[in-house]
Amino acid sequence: MDGPDREVLAFAGDHVRQLTGLSRRQLEYWDRTGFFSPRRVAAGPGGARRVYSFRDLLALGALARLRNRHRVPLQELRRVGRWLAERHAEPWSSLRFAVVGRRVLVGGLDGDALVVPLRVGRGQTMLPPPDADESDPGTLARELIAAAARLRQRRPEDVGAVTRHRQVLRNAPRLAGTRIPTASLWRLHLAGHDEAEILTLYPRLTPDDVRAALAHERGARARTRRR
């Protein structure tokens, strides 16, 4: 059964691009060349698709800052990535970075020391760990949580509306302004859950959403039977 946590903790490629500023080409190339791949790949009728966790999102946010904002060459990021892969399970999302020119130093493996041995000169920019306390202003985690919340905000006209898009959930019918398929609510309905119980599982939804999803699924099945 699809649970509500899946929507919160998993991000499709289109959301990752909006939240980090990375391009589709960058994400696909990094995955194809083994530089950065998402934790999960979901299979479906439309083929495999990348599914990113929040930890993946933090890592990609840090890489986006280093690559796009500070213009660190990809070759340099690969060099640091190889070095870190031997020493840390989740380096890009949990360590402190500094940029010196177009080179990267890393901190956090040995206390607060910068442990990639490079000469430190003027122009050093220190970046906090991506997963620093999200209550601290300016941290990447705080920024991404706020941005993700804005993405999940719904317009008034979305409430009680069913929509579909070929690039979202493989064109499956879903409640507008969400990534919740109407089929998920239908399965809960068939399992005996009433409207109140469904709303407990999906607190973002309204009674109008539940009714619209169930009406859509009933209509789809009625049309199938008439064929």
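The values are calculated or read from the model by the stated rules, or taken from the named source; none is laboratory data. Because the structure is a prediction, the values reported are computed rather than measured. All Cβ positions, even for glycine, are placed from backbone atoms using ideal geometry, and neighbour counts span all protein chains on display.
Only one of (1) free of Cβ contacts under 8 Å to residues at least 60 places away in the same chain; (2) in the same structural domain as Arg17 (by TED's automatic domain parsing) fails for Leu144. Which number is that?
With respect to (1) free of Cβ contacts under 8 Å to residues at least 60 places away in the same chain; (2) in the same structural domain as Arg17 (by TED's automatic domain parsing), Leu144 is out only on (1).
Considering only region 90-105, state which residues are over 11 Å from Leu127 (Cα atoms) and part of a loop (DSSP other than H, G, I, E, B).
Taking region 90-105 first, the residues over 11 Å from Leu127 (Cα atoms) are 90-94, 100-103.
Matches in region 90-105: Glu90, Gly101, Arg102.
Restricted to region 171-205, and to residues that are under 16 Å from Ala12 (Cα atoms) and among the polar types (S, T, N, Q), which residue is surrounded by the most Cβ atoms within 10 Å (Cβ to Cβ)?
Among those that are under 16 Å from Ala12 (Cα atoms) and among the polar types (S, T, N, Q), it is Thr178.
Can you tell me how many residues in region 155-182 are in contact with a Pro (Cβ under 7 Å, 6 or more places away or on another chain) and in a helix (DSSP H, G or I)?
Of the residues in region 155-182, 3 are in contact with a Pro (Cβ under 7 Å, 6 or more places away or on another chain) and in a helix (DSSP H, G or I).
Which numbered condition in (1) in contact (Cβ under 8 Å) with a residue 60 or more places away in the chain; (2) basic (Lys, Arg); (3) touching a Gly at 6+ places or on another chain (Cβ under 6 Å) is the only one that Arg154 fails?
Unmet for Arg154, out of (1) in contact (Cβ under 8 Å) with a residue 60 or more places away in the chain; (2) basic (Lys, Arg); (3) touching a Gly at 6+ places or on another chain (Cβ under 6 Å): (1).
Is at least one residue of region 201-216 at pLDDT below 95 and part of a helix (DSSP H, G or I)?
Yes; the residues of region 201-216 include at least one that is at pLDDT below 95 and part of a helix (DSSP H, G or I).
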